[in-house]
Amino acid sequence: MEKRKKFLPTLIIFSLVGQIAWVVENMYFNVFIYNMFGASPDDISLMVSLSAVAATLTTLFVGALSDKVGKRKIFISLGYILWGVSILLFALVRKDIIGAVFPTAVSVSAVCITISIILDCVMTFFGSSANDACFNAWLTDVTTKENRGSAEGINAMMPLVAILVVFGGAMLIPLEQTEASYWTVIFSIIGGAVILIGILGIFLIEEPKIEAGENKSYFKNIVYGFRPSVIKSNPMLYIYLLLFTVFGISIQIFMPYLIIYYERGLQMADYVFVMAPAIVLASIFTAIWGKVYDRVGFNKSVVPSVSLLALGYLILFFFTHTALVFIGSLLMMCGYLSGMAVFGAAVRDTIPQNRSGMFQGLRIVGQVLIPGVIGPFIGAQILKDAKEELINGQMTFIPNESIFMGALVVDLVLMVGLGILFFVTSKLKGRKNEGN
């Protein structure tokens, strides 16, 4: 009973704070190098892509290691602590500090961008160890098919709740985003919070009962999810993961540029006031939608999610009026978050028991690596000829609505894939019924 009492607060706290840190990594770093150093679309695409590679490799190795030793808690708590420390280091990436360390650099801004990308990979290593590999394995370990959709609904709504917390809290800082001191405050607060949560995990996280890895080599554990025999034994897991990958590509086409689009492309100085109610409503919708998944399953719950996503894209592409941007953002966020919940729960439901750590690396390949490389690259290509303006003394691109059309095209491809899956599974079910 005590463990059940601790489950919900543990899920909420670690999921929310982890996603707050990921907001800093996935979106705020983009804004940071954009505003402070004049980063280009290619710079942002490179940073997101390398981070995705780092996340994937880390999750593969650390996820398998946690299965091998049969422990989650130590990886989560220590990982969060080091994750916070790595965020604090970004407070030192300033033109005055870097210029003093590299006085002969032709472009201090270019050096700052390079250091930021390297530090981003370091941060991703600790974050993926703690969150992607072990917290997600822990969540799979402690939930069942009866409550996994509900738990995933809570977990899936946290990314946008985290955006609300980060950007809403940032508005209270009486500094401009083009001032180095603004970012020092941001990184210090977020880094400190992640460290504190890591310490709290020592007392809050209950170690799940999992069997330590069998007498297999560590390398075999790492590549377990990629073995042909495993793929053959778990076909639906890989089908769901493939569809999840296409979904992720659609999201990553626009997500790295979303805040910059609101702020610069639409000139919405108070975009948080538009996003905040949309995020709150989308989060409530997603929490409910997780329960819908538990009741009706994947097929009936995924179609509304991807349809809402497509409708949101269309509105955001065609309209720039504040009221319509709010409606488009709300629909897009509802589709995005509920889709994350549905695909995430489907993947967890098909992961073999006592192998969740080994499969976290595979999940990250589909959920992070491929979307994180392909999505931002497509977005960067779309924005190649985007209008430029002088920002903080440097010519910088201004994102436009075309990123939503690119995302829509990929979402339509996903719908075709889902249609094929439904058709094939219905035919197989019909043949099975005929055989009986």
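Residue 189 is checked against (1) in contact with a Gly (Cβ under 8 Å, 6 or more places away or on another chain); (2) outside any helix (DSSP H, G or I) and fails just one. What number does that condition carry?
Every listed condition holds for residue 189 apart from (2).
What are the pairs, 6+ residues apart or on separate chains, where a residue within the stretch 86-114 that is under 16 Å from residue 187 (Cα atoms) and touching a residue at least 60 places away in the same chain (Cβ under 8 Å) has its Cβ under 9 Å from a residue that is among the basic types (Lys, Arg) and part of a helix (DSSP H, G or I)?
112/95
For the stretch 199-211, does any single residue satisfy the condition of being surrounded by 20 or more Cβ atoms within 10 Å (Cβ to Cβ), in contact (Cβ under 8 Å) with a residue 24 or more places away in the chain and either aromatic (Phe, Trp, Tyr) or assigned to a helix (DSSP H, G or I) (or both)?
Taking the stretch 199-211 as the starting set, the residues that turn out to be surrounded by 20 or more Cβ atoms within 10 Å (Cβ to Cβ) are 201, 205, 210.
When the remaining residues are screened for being in contact (Cβ under 8 Å) with a residue 24 or more places away in the chain, the result is 201, 205, 210.
With either aromatic (Phe, Trp, Tyr) or assigned to a helix (DSSP H, G or I) (or both) added as a condition, the list becomes 201.
Yes: one or more hits.
Kindly establish whether residue 405 is at pLDDT 85 or above, over 22 Å from residue 47 (Cα atoms) and out of contact with any strand residue (DSSP E or B) (no Cβ under 7 Å at 6 or more places or on another chain).
yes
Regarding residue 257, is this residue out of contact with any His (no Cβ under 8 Å at 6 or more places or on another chain), among the aromatic types (Phe, Trp, Tyr) and at pLDDT below 90?
On the way: out of contact with any His (no Cβ under 8 Å at 6 or more places or on another chain): yes; among the aromatic types (Phe, Trp, Tyr): yes; at pLDDT below 90: yes.
Yes, satisfied.
So, of the residues in the stretch 149-205 that are more than 22 Å from the chain's Cα centre (by Cα) and among the charged types (D, E, K, R), which turns out to be modelled with the highest pLDDT?
Per the stated criteria, the residue is 179.
Quick check on residue 129: is it in contact with a Gly (Cβ under 9 Å, 6 or more places away or on another chain), surrounded by fewer than 24 Cβ atoms within 10 Å (Cβ to Cβ), polar (S, T, N, Q) and assigned to a helix (DSSP H, G or I)? Quick ask: steps written out before the conclusion?
Numbers: in contact with a Gly (Cβ under 9 Å, 6 or more places away or on another chain): yes; surrounded by fewer than 24 Cβ atoms within 10 Å (Cβ to Cβ): no; polar (S, T, N, Q): yes; assigned to a helix (DSSP H, G or I): yes.
Considered against the rule, which asks whether it is in contact with a Gly (Cβ under 9 Å, 6 or more places away or on another chain), surrounded by fewer than 24 Cβ atoms within 10 Å (Cβ to Cβ), polar (S, T, N, Q) and assigned to a helix (DSSP H, G or I), residue 129 comes out as no.
The values are calculated or read from the model by the stated rules, or taken from the named source; none is laboratory data. The structure presented is a predicted model; accordingly, all values stated were derived computationally and were not measured. Counting neighbours? That spans all protein chains shown, and the Cβs are built from the backbone with ideal geometry, glycine included.
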